[in-house]
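The values are calculated or read from the model by the stated rules, or taken from the named source; none is laboratory data. This is a predicted model, so every value here is computed, not measured. All Cβ positions, even for glycine, are placed from backbone atoms using ideal geometry, and neighbour counts span all protein chains on display. The protein model used for the area step is the full one, side chains on, heavy atoms only, and it has no ligands, DNA or RNA in it. Shrake-Rupley method; radii C 1.70, N 1.55, O 1.52, S 1.80 Å.
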Amino acid sequence: MTEPVLDIHVNIEAGDWSRVILDLEKTIDAAAGAAVAAAGNTGRNPELSVLLADDRRLAELNENWRGKSGPTNVLSFPGDADGPDPEMLGDIALALETLMAEAALAGISVSAHFNHLVVHGVLHLLGFDHENDREAEEMESLETKILGELGIADPYAAEQPECSRVIS
């Protein structure tokens with residue numbers, strides 16, 4: 001049996017993302033693919049949509065969908081797993097200014113933080129959450145494992161400032 005192929009659609013709505021993240025689509029493919037594989041998704045050639053935007057757009061989405069004011073770093077919108085091939089995992093949206101500010105404050109590379117947010121967003125689409133301590137521990141452990149496989153340090157290490165923790 002062949003492995004499912006993750007089909008990713010990237011939409012750059014605002015910001016100079018390709019200047020900030022080298023090999024943007026390759027980076028997204030690697031991070032999202034690693035998250036899908038680690039979560040054991042055996043879906044039917046899953047699809048993922050990634051919106052790369054700015055703080056203004058993420059603030060709008062955050063207000064409209066979560067009732068929370070202001071931008072956030074990443075939002076996840078689950079898709080429809082029912083129906084014919086392919087399986088739509090959903091959409092993730094990321095804010096460039098928030099991503100860059102959090103990376104700078106945490107003293108980590110923008111690329112490492114970007115990878116973390118993509119992994120985090122995809123895991124949400126696959127049913128992972130952090131509403132309680134048990135869920136948070138499970139999700140953070142899986143994120144750390146996935147990021148380690150991508151050559152990225154543990155974003156939840158004790159020495160990291162609180163802002164490096166993903167807000168979603």
- Query: Projected onto the charge dipole of the range 43-146 (+1 at Lys/Arg Cβ, -1 at Asp/Glu Cβ, origin at the Cα centre), which of 106, 46, 136 gives the Cα projection farthest towards the positive end?
  - Reply: 106
- Item | Highest-first arrangement of 62-70, 48-56, where packing means the average Cβ count within 10 Å | 48-56, 62-70
- To the nearest 20 debye, what is the magnitude of the charge dipole of the chain about its Cα centre, counting +1 on the Cβ of each Lys and Arg and -1 on the Cβ of each Asp and Glu? 280
- Accessible surface of the chain [probe 1.4 Å, protein heavy atoms]: carbon and sulfur percent: 50
- Message: Let me understand the chain better: what is its radius of gyration from the alpha carbons, and its Dmax, in angstrom?
- Response: 15.0, 46
- Query: Based on the mean of other beta carbon atoms within 10 Å per residue, what is the order of 126-133, 26-33, 149-156, 114-121, most packed first?
  - Reply: 114-121, 26-33, 149-156, 126-133
- Query: Stretched out fully, how many nm does the piece from residue 13 to residue 104 gain, at 0.36 nm a residue minus the Cα gap?
  - Reply: 30.5 nm
- Message: With +1 on the Cβ of every Lys and Arg and -1 on the Cβ of every Asp and Glu, and nothing else charged, how large is the dipole of the range 94-163 about its Cα centre, in debye rounded to the nearest 20?
- Response: 300
